[in-house]
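Below you'll find the structure, written out as structure tokens, and then a few comments.
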Amino acid sequence: MSLEVRLNAYEGPLDLLLDLIKEKRIDIYDIPIALITKEYLEKLKALEEAELEVASEFVVMAATLMEIKARLLLPKEKKEEIIEEDPRLELVNRLLVYKQFKEAAIFFVEAHNEQSSIFSRENLNQVFLEELK
């Protein structure tokens, strides 16, 4: 049994985040965390004002964005041997995987819709045999 959360057109927090990135025409590999966090929180506030119950997943994503923003603001250590990974990298990877699955789902829905409108000779023979009975 799985819980499916949908707010307006958003199927989850990554969907909202991906939509904001597309809307603002932001490079997914170079997300300005301050801007996207601000926009994300504004969308959440708008959803709350519309008296919709905001799911915990969306709030967790907002917290993740704020954590990344805080990590980016922390001073970097001067040691050359420590190479810090960009804190946005994990989020970018999650967004890319989500985007691939979303595009694949759209492809399969379209393929199913197209295939359901095609009748092969076998299918037509079955239809005619059923009508004769």
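Laboratory data are not the source of any read-out in this text; all were calculated from the coordinates shown. Note that the coordinates shown come from a computational prediction; the quantities given were computed from them, not determined experimentally. Cβ atoms come from the backbone with ideal geometry, glycine included; neighbour counts cover every protein chain shown.
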- Between Lys102 and Glu130, the FRET efficiency computed from the C-beta separation at R0 = 22 Å comes out, to the nearest 0.05, as 0.05
- Under 26 Å from Lys76, Cα to Cα: lysines that are on another chain or at least 8 residues apart: Lys38
- Message: Using a 7 Å offset from the Cα along the Cα-to-Cβ direction at both Asp27 and His112, what is the distance between the two label points in nm, to one decimal?
- Response: 3.7 nm
- Task: Could you check the simple spin-label distance between Leu74 and Asp19, using points 7 Å along Cα→Cβ, in nm with one decimal?
- Result: 3.3 nm
